[in-house]
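As structure tokens, the structure follows; a few thoughts come after it.
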Amino acid sequence: MNENLFASFTTPTLMGLPIVILIIMFPSILFPSSNRLTNNRLISIQQWLLKLTSKQMLSTHNYKGQSWALMLMSLILFIGSTNLLGLLPHSFTPTTQLSMNLGMAIPLWAGTVVTGFRYKTKASLAHFLPQGTPIFLIPMLVIIETISLFIQPMALAVRLTANITAGHLLIHLIGGATLVLMNISTVTALITFIILVLLTILEFAVALIQAYVFTLLVSLYLHDNT
């Protein structure tokens, strides 16, 4: 097999033009809205899951934090649906691109930090210097806390990118090994195929969990700043 291992992570093009924008917009089709008085089963289940997730995620927030509910729910739906669509054959997962994940993480992190400095200025500044710190450690702790603050969006983006990319690479490798083993040993190929199926099921769970973790961390940053 001469195929490049990272070929599935290359941005797809159509007539020389990148179509990643269309791919990013596609998941919104999967969440229809209804204007009818009585919703069908699909929309009812969708609304129930959204209500359950938002209740769990925003239960500890105050009024200012709860005003972010629509944005957080849109974020978890977008990341979750994009991750799941990326598991389909001959598909592309935008969340495997660090640039895109940073494009989501940095504005959200910056929004929570700006909110904190606007509404809780003293508390936000107090995070840079814990109470009871010895005088000779103050400069070092301020530098460490500042670095840890600016690392937060990078940690958000890298965590999502690494988990999704690692799973896709593992599926690609095991799938290629299964095809090769079919001509060598049928029993071994069958065992490898079973492992591939189990790994695919695990990746479905990872796709949803990573969407929840990303949104939950943004929610925690928001909680600390409101």
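The values are calculated or read from the model by the stated rules, or taken from the named source; none is laboratory data. Everything quoted here is computed from the prediction, not taken from an experiment. Note: ideal-geometry Cβ built from the backbone for every residue, glycine included; neighbour counts use all protein chains shown. Remember, those area values only see protein heavy atoms, side chains included, never the ligands or the DNA or RNA. Shrake-Rupley method; radii C 1.70, N 1.55, O 1.52, S 1.80 Å.
Here are the numbers for this structure:
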| item | result |
| --- | --- |
| Share of carbon and sulfur in the accessible heavy-atom surface of the chain [1.4 Å probe, %] | 71 |
| Accessible area per residue in Å² at 1.4 Å probe, computed on segment 65-175 | 53 |
| Segment 154-226, Cα convex hull volume normalised per residue, Å³ | 61 |
| Lysines whose Cα lies under 21 Å from that of LYS55, excluding same-chain neighbours fewer than 8 positions away | LYS64 |
| Per-selection Kirkwood Rh - the chain (Cα, Å, 1 d.p.) | 20.5 |
| Choice from VAL197, VAL206, VAL180 showing the highest fluctuation, given a GNM over the chain with Cα pairs closer than 10 Å | VAL180 |
| Simple spin-label estimate for LYS51 and ILE194 in nanometres, 7 Å along Cα-Cβ | 4.3 |
| CD proxy at 222 nm, helix term only [per DSSP H run n ≥ 4: -39500 (n - 2.57); per residue of the chain; nearest 500] | -23500 deg cm²/dmol |
